[in-house]
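Below is one structure, written out as structure tokens; comments come after it.
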Amino acid sequence: MDGIIEGLDRETITRRTAVKVIGAGALSLLPGCQAGGPPNADASGLASSKRKRKTNIATSKRLRVLSRSPLSAEPALDDLAESFITSVDRFFIHNHGAIPQIDASSYVLSVGGDIPHEESFTLDQLRNDFKKTSIVATLTCAGNRRDEFSRIAPVAGAQWGPGAIGTARWTGVLLADVLRKTGVRRSSRHVWFEGLDETRPKQESVRFGGSIPLNVVYRPKTAQPGVLLAYEMNGQPLEPAHGFPLRAVVPGFIGARSVKWLGRIMVHAEPSDNHYMTQDFKLVVEDSNAAWSGADPLSGYLLNSVICEPAAGAKLQPGLVAVRGYALPPGLGDLRVHTVELSVDGGDSWRPATLRSHDAPQCWRLWEAKVPVRLSTTSLIVRAHDSAGGDQPPRLPWNRRGYQNHSWHEVPVTVG
Ligand SMILES: Nc1nc2c(c(=O)[nH]1)N[C@H]1C(S)=C(S)[C@@H](COP(=O)(O)O)O[C@H]1N2
Ligand SMILES: [Mo]
């Protein structure tokens, strides 16, 4: 574990309590990690220094840590529902290995596979030789709301609440522009991404990776944002935790396809055989080879909606209660959130919420409502409909990895 940040060390834990504490004690603050790696980086820019770098507490993060090493952290829901663009200090982090420390000056992205010539690009080349492009897109983990599945039967992994989601303005270069420069062969159907981080899902070390169909990259010019190789997030260089110096941003797809610390892009006729395509990020119930090989890799995220406020367990007075949250249109297709509805009687009757914030493709929509709660009210429930008439199921069957929870979101409350 040399030359990498392993999450939080003792010093940062002590110091962070001195910085700022939000919420009711359950939320801890995460120190920001500073860019810039040690010397002796290898060809990809990956640090090979034996020196363990100290976490820099330049910024404090408003995140609750679910797992320290590898790091998984999510924001408080009331923080999340505050703005359409999620600030970097509130943006969830999902890592499968330690954060690689990468030296930007020696970093190179290699592009290979079914292309006429293997090519590589330095960060400066990507910045200077291609059109700088910004997109706004929501990123969400396939495991968002996993904790609700764990109430049915335990699910391994970070116990995500509904906070594994965020919307950012990503800036970088369009993957289509890069592939246009390298050229791709006719047989090419899939773009593989591989990160520079080492993960250990089982015994062996594997690089985090995955692929997307090439037609997503070349999608005809619609209003939808294109696939980006991003070096900035909300106008700042990417932070190490979010993929510095370069990451993929694949709008509409589960977060796992937006590979961070991008080292290699390959173009092939087949989907990637990376562990995170074949042995993870699938809906399976049985942990058997047949189940894993029989299921398709997850691609687009699904229509969803979540109540961010009031919090679960809130004590409310009878009368009108302000409710806020987010809704997410399905990732694939050019669909929007059409309506968001709330129920205070267990789903017997529904009243509409007001959609606020922008209505942009592959982006969440924030909403708010005032609903009348009675002494008999035991929960608030939200559900959404999309522009094609799609809706959310009241309940969902359990799956082994707790992915794609998009059932009605129910928040227990007491009134009195
Ligand atoms: N290289 C690499 N890329 C990665 C991951 C990772 O562990 N390693 N995690 C993925 C998952 S599962 C998610 S949900 C998103 C999270 O991005 P964020 O940490 O910037 O929010 O990154 C994706 N890209
Ligand atoms: Mo994820």
**OP:** Kindly provide the set of residues from the range 140-193 that are touching a Pro at 6+ places or on another chain (Cβ under 6 Å), more than 14 Å from ligand 1 (Cβ to nearest atom) and assigned to a loop (DSSP other than H, G, I, E, B), ordered by number.
**Re:** 183
Original post:
If you take the residues of the range 283-299 that are out of contact with any Phe, Trp or Tyr (no Cβ under 8 Å at 6 or more places or on another chain) and assigned to a loop (DSSP other than H, G, I, E, B), which of them is least open to solvent (accessible area, probe 1.4 Å)?
Top reply: 295
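A quick yes/no check of all residues on (1) part of a strand (DSSP E or B); (2) touching a Pro at 6+ places or on another chain (Cβ under 8 Å); (3) touching a residue at least 40 places away in the same chain (Cβ under 8 Å):
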| residue | (1), (2), (3) |
| --- | --- |
| 224 | no, yes, yes |
| 230 | yes, no, yes |
| 244 | no, yes, yes |
| 260 | no, no, yes |
| 272 | no, no, yes |
Original post:
Scanning the range 177-194 for residues that are of a type outside the set (D, E, K, R) and in contact with a His (Cβ under 9 Å, 6 or more places away or on another chain), which turns out surrounded by the fewest Cβ atoms within 10 Å (Cβ to Cβ)?
Top reply: 187
Subject >> Residues within the range 246-255 that are among the aliphatic types (A, V, I, L, M) and either assigned to a loop (DSSP other than H, G, I, E, B) or surrounded by fewer than 24 Cβ atoms within 10 Å (Cβ to Cβ) (or both), tallied >> reply: 3
**OP:** Could you tell me which of the residues 360, 369 is of a type in the set (Gly, Ala, Ser), more than 22 Å from residue 152 (Cα to Cα) and under 23 Å from the mean Cα position of the chain (by Cα)?
**Re:** 360
**OP:** Looking at (1) farther than 18 Å from residue 253 by Cβ; (2) open to solvent by less than 10 Å² (accessible area, probe 1.4 Å); (3) outside any strand (DSSP E or B), find the lone condition where residue 362 falls short.
**Re:** (1)
**OP:** Scan (1) part of a loop (DSSP other than H, G, I, E, B); (2) modelled with pLDDT of 95 or more; (3) away from ligand 2 (no atom under 16 Å from the Cβ); (4) open to solvent by 40 Å² or more (accessible area, probe 1.4 Å) for the single condition residue 302 breaks and write down its number.
**Re:** (3)
Original post:
List pairs: first in the range 126-145 and farther than 18 Å from residue 257 by Cα, second modelled with pLDDT under 95 and assigned to a loop (DSSP other than H, G, I, E, B), Cβ under 8 Å, 6+ apart or cross-chain?
Top reply: 133/226
**OP:** With respect to residue 280, determine if the residue is open to solvent by less than 20 Å² (accessible area, probe 1.4 Å) and either touching a Ser or Thr at 6+ places or on another chain (Cβ under 9 Å) or assigned to a loop (DSSP other than H, G, I, E, B) (or both).
**Re:** yes
Subject >> Matching residues, the range 207-245, being of a type in the set (Val, Ile, Thr), more than 17 Å from residue 126 (Cα to Cα) and open to solvent by less than 40 Å² (accessible area, probe 1.4 Å) >> reply: 212, 216, 217
Original post:
Which one of these does residue 96 not meet: (1) under 30 Å from residue 401 (Cα atoms); (2) away from ligand 1 (no atom under 15 Å from the Cβ); (3) at pLDDT 95 or above; (4) in contact with a Lys or Arg (Cβ under 9 Å, 6 or more places away or on another chain)?
Top reply: (2)
Subject >> Filter result (open to solvent by less than 20 Å² (accessible area, probe 1.4 Å) and either of a type in the set (Lys, Arg) or touching a Gly at 6+ places or on another chain (Cβ under 6 Å) (or both)) within the range 305-316 >> reply: 306, 307, 308
Original post:
When you look at residue 174, is it away from ligand 2 (no atom under 16 Å from the Cβ), of a type outside the set (Lys, Arg) and open to solvent by 40 Å² or more (accessible area, probe 1.4 Å), yes or no?
Top reply: yes
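Residue by residue, here is whether (1) more than 16 Å from ligand 2 (Cβ to nearest atom); (2) of a type outside the set (A, V, I, L, M); (3) closer than 22 Å to residue 359 by Cα holds:
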| position | (1), (2), (3) |
| --- | --- |
| 68 | yes, yes, no |
| 84 | yes, yes, yes |
| 97 | no, yes, no |
| 100 | yes, yes, no |
| 111 | yes, no, no |
| 114 | yes, yes, no |
Subject >> Evaluation of residue 119 against (1) farther than 18 Å from residue 248 by Cβ; (2) open to solvent by 10 Å² or more (accessible area, probe 1.4 Å); (3) not β-branched (Val, Ile, Thr) (one fails), failing number >> reply: (1)
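The values are calculated or read from the model by the stated rules, or taken from the named source; none is laboratory data. In this text, all values refer to a predicted model and were calculated from it rather than measured experimentally. Here Cβ is always computed from backbone atoms with ideal geometry, including for glycine, and neighbour counts include all displayed protein chains. With ligands, DNA and RNA removed, areas are computed over all heavy atoms of the protein, side chains included. Shrake-Rupley method; radii C 1.70, N 1.55, O 1.52, S 1.80 Å.
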